[in-house]
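Okay, so here's the structure we're looking at.
The values are calculated or read from the model by the stated rules, or taken from the named source; none is laboratory data. The shown structure was predicted, so the numbers you read here are calculated from the model rather than taken from an experiment. Here the Cβ positions follow ideal geometry from the backbone for every residue, glycine too, while neighbour counts run over all protein chains shown. Areas reflect the complete protein model, heavy atoms only, side chains present, ligands, DNA and RNA absent. Shrake-Rupley method; radii C 1.70, N 1.55, O 1.52, S 1.80 Å.
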Amino acid sequence: MKKTLVLLLLLLPINIYADSGHSTVIMDMDSGRIVYSKNMHSKNLIASTTKIMTAIIVLENLDLDKEITVGKEVLDMYGTNIYTEVGEKLKVIDLLYGLMLRSGNDAAETLAVNTFGNEKQFVEAMNKKAKELGMKDTTFSNPHGLDDKTYNYSTAYDMALLSKYAYQNKVYRKIISTKKYTTKSSLKSYVWYNRVSLLNEYKYTIGGKNGYTPKAGKSLVSVASKDDLTYTIVTLDDNDIYNNHKYLYEKYFNKYKKFLIVDKNSFLKNTSLTKDKLYIKNSFYYPLRKDEQESITTLVKISNEKKNHKVGEVIIKLDNKEIGKLNIYKKANKKEDISIFSKFKKLFIR
């Protein structure tokens, strides 16, 4: 009998896969909700995922069609490169593709030097942007992620904030989703394939950036979209990055659904709370598990004071914890809003 029981247990399907990252975050890109985390505020070297910030600083400060000349700064670059040469001329947009698809350290250094004139000022801009985004546990020391002399530290949570911000940039989205890119410089032709193999392995993947150094371990920041949900997943010091991301995406795409909590089109239409015509500018959506749906509450606050037509707010809570807020506006009274200039215009301009 004991032998039979052992055989039966061996035949049962057991899912033993677990998150392999030392630090992990899954963030909903629309609401910013963290649907899963592990050691998300633990600081770690971030290797080439650094280049997400490098790309954003360049995108926000350089003309993409500007042609720049590769300088001697690339001679100190090692590891993954696109193998540019001193004196070679490329457009900024081409270097950005080399930066993100091939993780070119030489591309990172060339872009940094040509954005503000030197690497030091570029790194200052990286840290300033990190502070603006609320990346409280992040410090950048270089634009590429190499960590033999200087170190870039961050957390899974901070890198998710960066990924969410970067994703709003259309050019960035296009770059990270590109599987193959071809271009020509003043010296030669290039064909680059995206190193993030998740693009080919998991059909819902939009893109991302991987990284590795012996000190940092493997890391991956990725974005995927399925049905109405778009997640970014960050895993730091993760020996099985691609299988881990696929596992986490499937698990949490199935666990959560996006719900319309407040609809701007039907807001306060059938209420006797006020005679004023009130409205909100946006609807509110939020990812929820099935067991959370009954725990959502909304509180409407109306004030007698009016500022820029704002007369109140809608506060949305989950288990009595605030998860969102929408401003309530009063539709302008045309008679009240006619300015002196408007009256003057009516009198003298026919």
Please go through (1) in contact (Cβ under 8 Å) with a residue 12 or more places away in the chain; (2) open to solvent by 50 Å² or more (accessible area, probe 1.4 Å); (3) more than 22 Å from residue 135 (Cβ to Cβ) for residue 191 and return the number of the only condition it doesn't satisfy. (1)
Condition set in a helix (DSSP H, G or I) and not hydrophobic (A, V, I, L, M, F, W, C), scope the range 44-72, selection farthest from the chain's Cα centre (by Cα): answer is 72
Please tell me if residue 182 is touching a His at 6+ places or on another chain (Cβ under 8 Å), on the phi < 0 side of the Ramachandran plot and not hydrophobic (A, V, I, L, M, F, W, C). no
For residue 140, state whether it is at pLDDT 95 or above and either polar (S, T, N, Q) or farther than 18 Å from residue 66 by Cβ (or both). yes
Residues of the range 99-116 being in contact with a Leu (Cβ under 6 Å, 6 or more places away or on another chain) and either surrounded by fewer than 24 Cβ atoms within 10 Å (Cβ to Cβ) or of a type in the set (Gly, Ala, Ser) (or both), in sequence order, are 107, 108, 115
Are any of the residues in the range 201-216 part of a helix (DSSP H, G or I) and either among the basic types (Lys, Arg) or more than 21 Å from residue 104 (Cβ to Cβ) (or both)? yes
How many residues, within the range 115-171, are closer than 13 Å to residue 48 by Cα and in a helix (DSSP H, G or I)? 1
Quick check on the range 226-237: of everything there that is more than 18 Å from residue 51 (Cα to Cα) and in contact with a helix residue (DSSP H, G or I) (Cβ under 9 Å, 6 or more places away or on another chain), which residue is surrounded by the fewest Cβ atoms within 10 Å (Cβ to Cβ)? 227
Looking at the range 163-186, is at least one residue touching a Ser or Thr at 6+ places or on another chain (Cβ under 8 Å), open to solvent by less than 10 Å² (accessible area, probe 1.4 Å) and not charged (D, E, K, R)? yes
Aliphatic (A, V, I, L, M) and under 18 Å from residue 185 (Cβ atoms) - does that describe any residue in the range 114-130? no
Consider residue 298 carefully, then state whether it is in a strand (DSSP E or B), surrounded by 13 or more Cβ atoms within 10 Å (Cβ to Cβ) and modelled with pLDDT under 95. yes
Subset of the range 83-114 [under 20 Å from residue 152 (Cβ atoms) and not in a helix (DSSP H, G or I)]: 102, 103, 104
Tell me, yes or no, whether the range 234-244 has at least one residue that is without any contact (Cβ under 8 Å) to a residue 12 or more places away in the chain and not in a helix (DSSP H, G or I). no
Scan the range 200-232 for residues that are on the phi > 0 side of the Ramachandran plot and acidic (Asp, Glu) and report the count. 1
In the range 64-98, what residues are among the small types (Gly, Ala, Ser) and open to solvent by 10 Å² or more (accessible area, probe 1.4 Å)? 71, 79, 87
Scanning for something modelled with pLDDT of 95 or more and over 21 Å from residue 153 (Cα atoms), does the range 120-127 turn up at least one residue? no
Have a look at 15, 114 and point out the one that is at pLDDT below 95, more than 20 Å from residue 163 (Cβ to Cβ) and not acidic (Asp, Glu). 15
